[in-house]
Amino acid sequence: MKIEKIELFLCRLPLVQFFETSFGRSYDRTFVLVRVEGDGHEGWGESVAEANPYYSSETTETVWHIIEGFIAPLVLGQAFEHPRDVFPALRRVRGHNMAKAGVEMAAWDLYARITGQSLATVLGGTRDRIASGVSIGIQDSYGQLLEKVERELAAGYQRIKIKIKPGWDLEAVERIRTKFGNIPLQVDANAAYSLDDTDLLARLDPYGLLLIEQPLDYDDVMDHAVLQKQIKTPVCLDESIHTVRIARDAIEARACQIINIKPGRVGGHRASIELHDLCAAHGIPVWHGGMLESGIGRAHNIHLASLPNFTLPGDIAASKRYYQPDLIEPAIEISADGTIAVPTGPGIGVNIVRDRIDRATLRHIALEATP
Ligand code: SMG
Ligand code: MG
């Protein structure tokens, strides 16, 4: 497979509903789409960096800069036997996993299309439907939160995750438990606490949460190990896990019992599979995270989540919770049992709607191999 062309699209789409985390509130999503061409086919990827450096230090502008200046020259005109060879070819570039993942994942889609297989098949997926959960942001009132939980449970989602931050934590959980009983419930702090909050976090123990995601800082593995010894709720790491090596250290240090895999955060599908396999070997369950992706990134996530150790429901929900219309057809839907079908066509297996991409595009560039 030879990658002959890379196109980048800086896109912005309005969100159907605002999304608030401990970093702040968003009403729209800016992201970079990657299209690659080779062997008479195309492949699509989506970089999950946001316009701001709050979830991660990467932004849409750094992604653009790094792909255009440093990743494209390492990939264009190169023949790859398999897309697993792309990530190692980018080794000179340190970090910038979200930029790498955009290109790497597009290469997996390209390869799957060239060989006429679904992406799930190429990745080693073993199930034809994935379990779907939702992530509910911080709301203006507890009433609004309870309404949203009710709506998502009625839609069939298999678990609820709520965002927490100091001042929006115990009471939010208490109210959900009081109204909805023992539903599968987890919380995500996006690094909003410190070890000084250990007593407060321990007060979540009686609520039987599935997990608490990234309570402490994004670069802090060791404090999570200290915290995990003092609370019963399983700690799940998200932001901290940039590389398979950090995951290995975190598991060794008992800093977490569960890991959230986002291919964008670790550099793409190859690193995600390695992380998945590492966790499986250590009895650490994984689930697929979400980054408010458009249908393109979402389709990639569904294929990856079909691997066997994704045993907990992911943050992979229906398109209509995020974008209407989505950039793909048909939109991603969940069935009444809270599962999503893994597309079976070649590659990511969804139809890309080019004129919707064009309407969402703020900037475009096409890069080709120099002869
Ligand atoms: O895609 O449904 C989704 C969002 C899931 O909560 C979600 N993601 O930390 O896990 C996380 C957050 C990061 C989102 S900020 C873009
Ligand atoms: Mg998270």
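Readers should treat all values here as calculations from the given coordinates under stated rules, not as data from a laboratory. These numbers were taken from a predicted model, which means no experiment stands behind them. Cβ sites come from the backbone with ideal geometry, for glycine too, and all protein chains shown count toward neighbours.
Here are a few things to note about the model shown:
- Convex hull volume of the stretch 189-259 per residue (C-alpha atoms, cubic angstrom): 68
- Anchor K2: lysines whose Cα lies under 16 Å away (excluding residues fewer than 8 positions away in-chain): none
- Mean projection area, nm², convex hull over Cα of the chain: 16.6
- Relative packing of peptides 110-118, 278-286 - highest average C-beta neighbours within 10 Å first: 110-118, 278-286
- Estimated from the Cβ-Cβ distance and a Förster radius of 25 angstrom, the FRET efficiency linking D196 and F18 is about 0.25.
- Relative packing of 241-247, 333-339, 44-50, 316-322, which averages over residues the other C-beta atoms within 10 Å, highest first: 44-50, 316-322, 241-247, 333-339
- For R359 and S335, a Förster radius of 25 Å and the Cβ-Cβ distance give a FRET efficiency of 0.25, rounded to the nearest 0.05.
- Summing charges over neighbours of I66, with a neighbour being any other residue whose Cβ is under 9 Å away from its Cβ, gives -1 when K and R count +1 and D and E count -1.
- Potential lengthening between H82 and E150 on full extension [0.36 nm per residue; Cα-Cα distance subtracted]: 20.0 nm
- Rotationally averaged projected area of the stretch 119-224 (alpha carbon convex hull; nm²): 8.7
- For the set K100/K148; K100/K161; K148/K320; K161/K232, the pairs lying more than 26 angstrom apart at their alpha carbons are K100/K148; K100/K161.
- Percent of beta bridges antiparallel (DSSP, the chain, rounded to nearest 5): 65
- Residue separation of R245 and K179 scaled by 0.36 nm, minus their Cα-Cα distance, works out to 19.6 nm of gained length.
- Stokes-Einstein diffusion for the stretch 122-341, with the hydrodynamic radius set to the Kirkwood value over Cα pairs and evaluated at 25 °C in a medium of 0.890 mPa s, equals 140 µm²/s.
- DSSP beta bridge pairing in the stretch 122-341, given as percent antiparallel to the nearest 5: 20
- Within-10-Å neighbourhood charge of L76 [Cβ basis; K, R +1; D, E -1]: 0
- Protection proxy ranking, peptides 195-201, 62-68, average beta carbon neighbours within 10 Å, highest first: 62-68, 195-201
- Backbone amide hydrogens, once placed in the peptide plane, bring K2 within less than 5 Å of D39, F80, excluding anything fewer than 5 places away on its chain.
- Computed helical MRE - 222 nm, the chain, DSSP H runs ≥ 4 contributing -39500 (n - 2.57), nearest 500: -9000 deg cm²/dmol
- Separation of alpha-carbon centers, the stretch 328-371 and the stretch 8-60, rounded to whole Å: 13
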